[in-house]
Amino acid sequence: MKWEGNRQSDNVEDRRSGSGGLGGRGIGIGSVAIALVVSYFLGISPLTVLNLLSGGGLDGQTQSAPAQKPPADDRMAAFVSTVLADTEDVWKEVFVQGGATYQEPKLVLFRGTTSTACGQGQAAMGPFYCPSDQNVYIDLDFYETLKNQLGAPGDFAQAYVIAHEVGHHVQNLMGITTKMEQMRGRVNQTEYNALSVRLELQADCFSGVWANHAQAARQLLEQGDVEEAMNAAARIGDDALQRAGKGQVVPDSFTHGTSAQRQRWFETGLKNGNVKGCDTFSTRAL
């Protein structure tokens, strides 16, 4: 991926030098079972996020320390800042074309644990998006898990992670997240899981839309990049994770989609670059 020398976003907050938030005990990726980590890969399950938004589960304290920028010589921080900037450029243009204004999210770097408007965030959750504060959160150690334990190396696989979470931000701006929240209590658990799958697959498609526009504008893709993202999508499908963790697959418990579905919707966004083509809620065949 051709990213070096490109613009870096100013919307990055570095909390890694602090205590990681108010209260709570940090949980590092290395101290939890890999099954727990990957169950939240590419974002907190919508069920968990919406539970937090409705007041259940975790304490909703927010970070009070002043925001800090990442060190200029931190290569990984520079990478995610550059990817975030590229998503800003793409989605700003897409929203303008649709007659709307894009509100840029913030990307928060943390270690172990951190306070969010959705409750106490932990590294074991993997990267996640909080609709209440419009922040994307990531413990950069997750990328080591992505590479070494999940078998999904490569910088474009890492960019896919950020783009997926920004996809959740786009859903929030479009009102889709609110509609999901309103469905709580109206459907049973299995039905809500199915809606969660559609939400996650749409975020995958939105990440493909970003890649399509970024490639057209800046030619950032190199040979093998798309394969890296497709491999990552295959590694973190619900069926693949359940098979690896429990040895059996329970479709009714899926919240993110199968490997094939995740690959298909990322590729859909990548090929057509069209937000309307990412309507996972209307199609019968996922």
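The values are calculated or read from the model by the stated rules, or taken from the named source; none is laboratory data. In this text the structure is predicted, and so the values were computed from the model without any measurement. Counting neighbours? That spans all protein chains shown, and the Cβs are built from the backbone with ideal geometry, glycine included.
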| said: Going residue by residue through the range 275-283, is there one that turns out to be farther than 30 Å from GLY5 by Cβ, in contact with a Lys or Arg (Cβ under 8 Å, 6 or more places away or on another chain) and assigned to a loop (DSSP other than H, G, I, E, B)? | reply: yes
| query | What number of residues in the range 153-204 are outside any helix (DSSP H, G or I) and either surrounded by fewer than 18 Cβ atoms within 10 Å (Cβ to Cβ) or in contact with a Ser or Thr (Cβ under 8 Å, 6 or more places away or on another chain) (or both)? | reply | 9
| Exclusive hit being modelled with pLDDT of 95 or more and either within 19 Å of VAL136 (Cβ to Cβ) or exposed (fewer than 15 other Cβ atoms within 10 Å of the Cβ) (or both), set TYR102, TYR40 | TYR102
| note | Taking first residues from the range 130-151 that are of a type in the set (A, V, I, L, M, F, W, C) and second residues anywhere that are at pLDDT 95 or above and assigned to a strand (DSSP E or B), the pairs with Cβ under 6 Å that are 6 or more apart or on different chains are CYS130/THR116; VAL136/LEU107; VAL136/TYR129
| message | Exactly one of these conditions fails for ASN231: (1) under 18 Å from the mean Cα position of the chain (by Cα); (2) part of a loop (DSSP other than H, G, I, E, B); (3) not basic (Lys, Arg). Give me its number. | response | (2)
| query | What is the one condition in (1) touching a Pro at 6+ places or on another chain (Cβ under 9 Å); (2) more than 15 Å from ALA159 (Cα to Cα) that GLN202 does not satisfy? | reply | (1)
| query | Has the range 248-265 got at least one residue that is farther than 30 Å from ASP89 by Cβ, at pLDDT 90 or above and not in a helix (DSSP H, G or I)? | reply | yes
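Yes or no: GLN215 of a type outside the set (Asp, Glu), without any contact (Cβ under 8 Å) to a residue 12 or more places away in the chain and not in a helix (DSSP H, G or I)? Break it down stepwise before answering.
Working: of a type outside the set (Asp, Glu): yes; without any contact (Cβ under 8 Å) to a residue 12 or more places away in the chain: yes; not in a helix (DSSP H, G or I): no.
The answer is no for GLN215.
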| said: Testing LEU47 on (1) closer than 30 Å to GLY273 by Cα; (2) under 21 Å from the mean Cα position of the chain (by Cα); (3) modelled with pLDDT of 95 or more; (4) of a type in the set (A, V, I, L, M, F, W, C), one condition comes back false. Which one is that? | reply: (3)
| query | Could you say whether any residue in the range 126-142 is crowded, with 24+ Cβ neighbours inside 10 Å, among the small types (Gly, Ala, Ser) and at pLDDT 95 or above? | reply | no
